Amino acid sequence: MKIIPIYIEAGISGFESPAAEYKELGLSLDQLLISNPDATFIGLAKGQSMIEAGIFDGDLLLVDRAEAPQDGDVIVANYNGCFTCKFIDKTNARLLSASKLHRPVQINPDDDFQIEGVVTRSIRLHRQVRELASCML
């Protein structure tokens, strides 16, 4: 895999071709992004509640089941039969959105709750991926 630095400053000023500065890593994209391949699955973000955390509707979420969830991590959980992506507040047993429009959700002992994994990466798709089209309906 070749890594090319891409400058994103506003405007275009004369810097050398980034291709002249590439560095080659002995990694695949999988190796670069996924620490525990046997324990990782890909989720598809739906909704607006995590936008302020940089997770947008249609983003891919790399969810690692081997990572121990820490307080404040973005996690995917099964909450009363629904998969949800939220911050975990372990101290107060709550699920938190990254939007003021969504109230915290208290996790009660009677709730069916299980953390499915920690979101380790989110990937924004700038073009539709045909293979995912059926998942986005």
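Annotation note: of ASP38, ASP71, the sole residue that is at pLDDT 95 or above and farther than 26 Å from LEU132 by Cα is ASP71.
Looking across segment 45-59, just one residue is open to solvent by less than 30 Å² (accessible area, probe 1.4 Å) and either assigned to a strand (DSSP E or B) or of a type in the set (D, E, K, R) (or both), and that is ASP59. Annotation note: Cβ proximity below 6 Å between a residue of segment 37-48 that is within 11 Å of PHE83 (Cα to Cα) and in contact (Cβ under 8 Å) with a residue 24 or more places away in the chain and a residue that is hydrophobic (A, V, I, L, M, F, W, C) and exposed (fewer than 14 other Cβ atoms within 10 Å of the Cβ) (sequence gap 6+ or interchain) occurs for LEU44/CYS135. Counting only strands (runs of 3 or more DSSP E) wholly contained in segment 68-137, the ones carrying 1 or more residues that are open to solvent by 60 Å² or more (accessible area, probe 1.4 Å) occupy 82-89, 94-96, 113-123. The residues of segment 44-86 that are among the charged types (D, E, K, R) and closer than 13 Å to VAL119 by Cβ, listed by number, are ASP59, ASP64, ARG65, GLU67, ASP73, LYS86.
The values are calculated or read from the model by the stated rules, or taken from the named source; none is laboratory data. All values derive from a computational prediction rather than experimental measurement. Note that each Cβ is placed from the backbone with ideal geometry, even for glycine, and that neighbours are counted across all protein chains shown. Please note that ligands, DNA and RNA were not included when accessible areas were found on the heavy atoms of the full protein model with its side chains. Shrake-Rupley method; radii C 1.70, N 1.55, O 1.52, S 1.80 Å.
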